[in-house]
Amino acid sequence: CLQHTLLPPLTIIPTSTPNWRRSNCIPSFSVSYHNFVQFALDETRRHTHLIPSPLQEKFSFMNSKDGKGRLSMLSFEAASIRLLRSLLIETETMQVLDFTVFPKAEYDVPIFCANFFTSAKTNIVVLDLNPLHDIINQYEYKEKYFKSLLPLGLKYAELFPWGGKLTSESINFFSPIVIWTKFTSSPQQYDILFSAFRDYYKVWLELICKADKETDESLIFHNLEAQHRYLTWRSEKDPGQGVLKKLIGDTLAKDLLRNFLFNGVDELGRKTFNDYFPHYCTEEEIVKKKGNIVGKSFENRPWNARGEFLGNRFSNW
Ligand code: BLA
């Protein structure tokens, strides 16, 4: 879309622009997440050798059903990385980045997670080093990976206010340095978001590069099960599911979720969603019956500056 270059940067072409409608191209949003992915790949290659994943053959590019949006997928593996994958969605009305890196089971390093949903007006952002194990009750795991990162988290917690209530279980997958925020679209915010993404990715790369490879079979299994539990949660409850289904239909969306985004959910373990999250089902039923928002919690950031959890210590690990 050459006309993008003629526009001031960081603006949105009104959807009524006749040229745009005719040329069927994606409007220029305030942000493009391509740079984010490019940065991550370049930075990873400075540390390790990336090998294209076998998934790349099947998942690379898709048009949305209406032909007006596109989905671009990339996936790689590396010595200590089971799967690095990214999904970019660009349509007339939204830009989405879902970028996640899963370590191999020999490493108990957190999962790198960047989920950015952008529409003309609003942005929904999760950026985190999702802990593999329980950090609310397991002091050692929190100390091992997050103690030294708290200043980084605090810096961005000031720049990005807490995004408000969220599905209660999600908090078990988040770390004390999670950036969970919503903001109205503005160029400055994207600059800060890009800076946060770079900082978080760099520290994650350091963690994975310095991590000791586990040799104890039972601990490797423990890591594997934790990853399977994470995949089970996300493939079932990802809030992006509805959007994906609308874009590419139920069957392709399910395939994308289970075989690409959360690849491993059908192979790494046998436990089901109910096995891992029995409490959730009961709660969801209550929510459905009462029609209220029992399932959402944490109006405010539930960690203090020392990374101590302030909510009730319920966790269903
Ligand atoms: C909303 N996305 C959300 C919310 C969270 C996340 C917490 C707020 C709603 C809620 O509490 O569920 C993200 N939740 C996560 C992440 C984890 C988690 C990263 O538990 C990790 C453990 N988001 C995407 C993609 C799309 C997307 C691919 O990742 C679209 C294709 C969209 N996310 C999206 C939309 C909303 C949302 C539209 C608002 C809808 C809603 O609130 O349910």
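The values are calculated or read from the model by the stated rules, or taken from the named source; none is laboratory data. As the structure is a computational prediction, the values presented were derived from the model and not from experiment. Methodologically, a virtual Cβ is constructed for each residue, glycine included, from the backbone with ideal geometry; neighbour enumeration extends over all protein chains shown.
Which members of the stretch 104-128 meet the condition of being more than 23 Å from Thr215 (Cα to Cα), in contact (Cβ under 8 Å) with a residue 24 or more places away in the chain, assigned to a strand (DSSP E or B) and not hydroxyl-bearing (Ser, Thr, Tyr)? Spell out the reasoning first.
Narrowing the stretch 104-128 to residues more than 23 Å from Thr215 (Cα to Cα): 113-128.
Subset that is in contact (Cβ under 8 Å) with a residue 24 or more places away in the chain: 114-128.
Among the residues that remain, those that are also assigned to a strand (DSSP E or B) are: 114-119, 122-128.
Once the filter is applied, which keeps residues that are more than 23 Å from Thr215 (Cα to Cα), in contact (Cβ under 8 Å) with a residue 24 or more places away in the chain, assigned to a strand (DSSP E or B) and not hydroxyl-bearing (Ser, Thr, Tyr), the stretch 104-128 yields Ala114, Asn115, Phe116, Phe117, Asn123, Ile124, Val125, Val126, Leu127, Asp128.
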(request) Take Phe194 and decide whether it is touching a residue at least 24 places away in the same chain (Cβ under 8 Å) and surrounded by 20 or more Cβ atoms within 10 Å (Cβ to Cβ). (result) no
(message) Quick check on my filter: what residues within the stretch 77-93 are under 23 Å from Asn259 (Cβ atoms), touching a residue at least 40 places away in the same chain (Cβ under 8 Å) and either in contact with a Phe, Trp or Tyr (Cβ under 8 Å, 6 or more places away or on another chain) or more than 10 Å from the ligand (Cβ to nearest atom) (or both)?
(response) Ser80, Ile81, Arg82, Leu83, Leu84, Arg85, Ser86, Leu87, Leu88, Glu90
(request) Tally the residues that are surrounded by 22 or more Cβ atoms within 10 Å (Cβ to Cβ) and more than 18 Å from Arg301 (Cβ to Cβ), restricting the search to the stretch 124-139. (result) 1
(message) Looking at Val126 and the list (1) more than 24 Å from Ile192 (Cβ to Cβ); (2) within 16 Å of the ligand (Cβ to nearest atom); (3) out of contact with any helix residue (DSSP H, G or I) (no Cβ under 7 Å at 6 or more places or on another chain), which single condition is not satisfied?
(response) (1)
(message) If Ser60 meets every condition in (1) of a type in the set (Ser, Thr, Tyr); (2) farther than 23 Å from Tyr156 by Cα; (3) near the ligand (Cβ under 10 Å from one of its atoms) apart from one, which number is that one?
(response) (3)
(request) Restrict the check to the stretch 97-120 and report whether at least one residue is of a type in the set (S, T, N, Q), within 14 Å of the ligand (Cβ to nearest atom) and modelled with pLDDT under 95. (result) yes
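The rows are residues; the columns are (1) among the aromatic types (Phe, Trp, Tyr); (2) under 25 Å from Gln189 (Cα atoms); (3) at pLDDT below 95.
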| residue | (1), (2), (3) |
| --- | --- |
| Val31 | no, yes, yes |
| Arg46 | no, no, no |
| Ser53 | no, no, no |
| Gly69 | no, yes, no |
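Can you find even one residue in the stretch 145-158 that is within 15 Å of the ligand (Cβ to nearest atom), aliphatic (A, V, I, L, M) and in contact (Cβ under 8 Å) with a residue 24 or more places away in the chain? Can you show your working first?
Just the residues of the stretch 145-158 that are within 15 Å of the ligand (Cβ to nearest atom), to begin with: none.
No: zero hits.
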(message) Which numbered condition in (1) within 12 Å of the ligand (Cβ to nearest atom); (2) more than 28 Å from Glu43 (Cα to Cα); (3) modelled with pLDDT of 95 or more; (4) assigned to a helix (DSSP H, G or I) is the only one that Asn172 fails?
(response) (3)
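Might you let me know whether the stretch 43-50 holds any residue that is of a type outside the set (Phe, Trp, Tyr) and under 24 Å from Asp255 (Cα atoms)? Give the derivation first.
As a first pass, look at the stretch 43-50 and keep what is of a type outside the set (Phe, Trp, Tyr): 43-50.
Remaining after also requiring under 24 Å from Asp255 (Cα atoms): none.
Checked against the condition, which is being of a type outside the set (Phe, Trp, Tyr) and under 24 Å from Asp255 (Cα atoms), the stretch 43-50 yields no hits at all.
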(message) Given the criterion closer than 25 Å to Pro131 by Cβ, at pLDDT 95 or above and surrounded by 15 or more Cβ atoms within 10 Å (Cβ to Cβ), identify the matching residue among Gly240, Gly307, Gly264.
(response) Gly264
(request) May I ask you to say which residue of Gly249, Gly240 is on the phi < 0 side of the Ramachandran plot and touching a residue at least 12 places away in the same chain (Cβ under 8 Å)? (result) Gly240
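Can we say Thr232 is more than 26 Å from Glu308 (Cα to Cα), surrounded by 20 or more Cβ atoms within 10 Å (Cβ to Cβ) and either under 19 Å from the mean Cα position of the chain (by Cα) or free of Cβ contacts under 8 Å to residues at least 12 places away in the same chain (or both)? If you could, list the steps in order and put the result at the bottom.
Working: more than 26 Å from Glu308 (Cα to Cα): yes; surrounded by 20 or more Cβ atoms within 10 Å (Cβ to Cβ): yes; either under 19 Å from the mean Cα position of the chain (by Cα) or free of Cβ contacts under 8 Å to residues at least 12 places away in the same chain (or both): yes.
Considered against the rule, which asks whether it is more than 26 Å from Glu308 (Cα to Cα), surrounded by 20 or more Cβ atoms within 10 Å (Cβ to Cβ) and either under 19 Å from the mean Cα position of the chain (by Cα) or free of Cβ contacts under 8 Å to residues at least 12 places away in the same chain (or both), Thr232 comes out as yes.
Please verify whether Ile136 is of a type in the set (A, V, I, L, M, F, W, C), within 16 Å of the ligand (Cβ to nearest atom) and over 19 Å from the mean Cα position of the chain (by Cα), treating the condition exactly as stated.
Details: of a type in the set (A, V, I, L, M, F, W, C): yes; within 16 Å of the ligand (Cβ to nearest atom): yes; over 19 Å from the mean Cα position of the chain (by Cα): yes.
So Ile136 passes the test.
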(request) Mind counting the residues in the stretch 45-64 that are among the aromatic types (Phe, Trp, Tyr) and either exposed (fewer than 15 other Cβ atoms within 10 Å of the Cβ) or at positive phi (or both)? (result) 1
